[in-house]
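See below for the structure under consideration.
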There are 2 protein chains.
Amino acid sequence: MNEDTPARKSDPALDAVRDEFVVQWGAMGSAWGINRTMAQIHALLMVSPNPLSTDQVMEELKISRGNAHSNLRELIGWGLIRGVIRKGERKEYFEAEKDVWKMFCTIARERKRREIDPALDVLENCKEASKGLRSSEAKAFHTQISELSDFVKLAGGAMDQIARSEQSKAARWAQKLFT
Amino acid sequence: MNEDTPARKSDPALDAVRDEFVVQWGAMGSAWGINRTMAQIHALLMVSPNPLSTDQVMEELKISRGNAHSNLRELIGWGLIRGVIRKGERKEYFEAEKDVWKMFCTIARERKRREIDPALDVLENCKEASKGLRSSEAKAFHTQISELSDFVKLAGGAMDQIARSEQSKAARWAQKLFT
DNA sequence: TCGAACTTTCAGTAAGTATTGAAAACAATG
DNA sequence: CATTGTTTTCAATACTTACTGAAAGTTCGA
């Protein structure tokens, strides 16, 4: 078994802050309904100057191989990190996207796909299923669902647009928003 | 114990769609990291033509009193439903905000408060704690955290603005977004 | 002040999720 | 093709969160 990249003589003060960040970010993740370990790994990679191997992640966060493995895969699934292979080495290393805007776009795109689109399906089905009904109650239901559906559609469209756009364009919106 | 509002002769087809909606919306909630029962109650009240009592909610969703109670309170905490008291009756009834735009604003405001603000705290702390460090690694860390922090601050501000604005204004933004 | 109608709390339990660790699968090397 | 380093899988288990039901609390009217 090879040793990983030799431990660099590192500023202990920095290490402390880094750890704090990782721990806190993990806690945040929990509060948001995101797997704590996944959030921690993401935090760790976001502030790591170089890519880390599975073993380094395990070591850093004191977690099992299986846990590290599956959460790393999940993060790749989200597009938030990617695996890098160094020539001459067999281990896989992982690095996070560090550009905050790109990160945001990735999350927006992914959430749209995972949360908005299925919700729209549900709404469209109910809309369709209630279209024919004639009682006034049914009409009210249909109206309510339609409004919801339209709104969700709009929100989804907005997410797509934003995720597709350049940071510069977004900055301009922000500008407008605050004037 | 009083009987609740007498069951209105209701369209069975409509009931079926309504149920479907409630069930599916609950499942969605699950997928989003939101308590399924809470999502179901919210769905139920969103499409209910009149306010419902705790007992009606229990009956409709086949859940216990404690469960109904605590989720109703939680929804009130979010500002998504409110309790109404009818004169001459001791029971409390509950109704959901039905205006989709208002609902969205409420959620945006609340999520900002519960998710964005705490995240900002974490980031500001780490930013502060790493300000003094001089190693180049530390500088990189500080930069990364600062960028994150700025971004989250911006996003939070945007959420505030949007939540504060009128639907008409938002519609105008949407307009721009799609041209 | 009593009792009925209703709400709130909470200990116990059920259901759901995350984690471990070890075995199996895979891949590169000689 | 055997060895060694590495990744992947997964049954068992630990941990977390949601739910129940019954008891305690509150409010109101007579």
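The values are calculated or read from the model by the stated rules, or taken from the named source; none is laboratory data. Remember, it's a predicted structure, so these values are computed and weren't measured experimentally. Because the Cβ atoms are built from the backbone with ideal geometry, glycine has one as well, and the counts that use them run over all protein chains shown. We work out accessible area using only protein heavy atoms, side chains counted, and drop any ligands, DNA or RNA first. Shrake-Rupley method; radii C 1.70, N 1.55, O 1.52, S 1.80 Å.
Considered as a group, the residues in the stretch A:99-139 that are of a type in the set (Gly, Ala, Ser) and part of a helix (DSSP H, G or I) include one that is nearest to DNA strand D (Cβ to nearest atom), and that residue is A:119.
Within the stretch B:57-77, identify whether any single residue is surrounded by fewer than 17 Cβ atoms within 10 Å (Cβ to Cβ), touching an Asp or Glu at 6+ places or on another chain (Cβ under 7 Å) and not basic (Lys, Arg), and answer yes or no. Checking the stretch B:57-77: not a single residue is surrounded by fewer than 17 Cβ atoms within 10 Å (Cβ to Cβ), touching an Asp or Glu at 6+ places or on another chain (Cβ under 7 Å) and not basic (Lys, Arg). Within the stretch B:79-98, which residues are in contact with an Asp or Glu (Cβ under 8 Å, 6 or more places away or on another chain) and either of a type in the set (A, V, I, L, M, F, W, C) or within 12 Å of DNA strand D (Cβ to nearest atom) (or both)? Scanning the stretch B:79-98 gives B:80, B:81, B:84, B:85, B:91. Residue A:94 meets all of the listed conditions (1) open to solvent by less than 20 Å² (accessible area, probe 1.4 Å); (2) farther than 24 Å from residue B:151 by Cβ but one, namely (2).
Suppose the filter is surrounded by 17 or more Cβ atoms within 10 Å (Cβ to Cβ) and farther than 26 Å from residue B:176 by Cβ; does residue A:85 pass it? In short, no. Based on what the data block shows, is residue B:95 in a strand (DSSP E or B) and acidic (Asp, Glu)? Yes, satisfied. Inspection of the stretch A:64-73 identifies no residue that is more than 11 Å from DNA strand D (Cβ to nearest atom) and not hydrophobic (A, V, I, L, M, F, W, C).
The residue that is surrounded by the fewest Cβ atoms within 10 Å (Cβ to Cβ), among those in the stretch B:11-54 that are facing chain A (nearest Cβ under 7 Å) and touching a residue at least 24 places away in the same chain (Cβ under 8 Å), is B:46.
Look at (1) farther than 28 Å from residue B:56 by Cβ; (2) open to solvent by less than 40 Å² (accessible area, probe 1.4 Å) and you find that residue B:80 fails only one, number (1).
Residues are listed down the side, and each one gets a yes or a no for (1) more than 10 Å from every other protein chain (Cβ to nearest Cβ); (2) of a type in the set (Asp, Glu); (3) surrounded by 16 or more Cβ atoms within 10 Å (Cβ to Cβ); (4) in contact (Cβ under 8 Å) with a residue 12 or more places away in the chain:
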residue: B:98; (1), (2), (3), (4): no, no, yes, yes
residue: B:106; (1), (2), (3), (4): yes, no, yes, yes
residue: B:115; (1), (2), (3), (4): no, yes, yes, no
residue: B:129; (1), (2), (3), (4): no, no, yes, no
residue: B:137; (1), (2), (3), (4): no, yes, yes, no
residue: B:166; (1), (2), (3), (4): yes, yes, no, no
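Kindly indicate the residue of the stretch A:139-158 that is open to solvent by 50 Å² or more (accessible area, probe 1.4 Å) and more than 7 Å from every other protein chain (Cβ to nearest Cβ) and also nearest to residue B:155 (Cα to Cα) among those meeting that condition. Checked the stretch A:139-158; the qualifying residue nearest to residue B:155 (Cα to Cα) is A:153.
Can you confirm whether residue B:120 is without any contact (Cβ under 8 Å) to a residue 24 or more places away in the chain and under 22 Å from the mean Cα position of the chain (by Cα)? Considered against the rule, which asks whether it is without any contact (Cβ under 8 Å) to a residue 24 or more places away in the chain and under 22 Å from the mean Cα position of the chain (by Cα), residue B:120 comes out as no.
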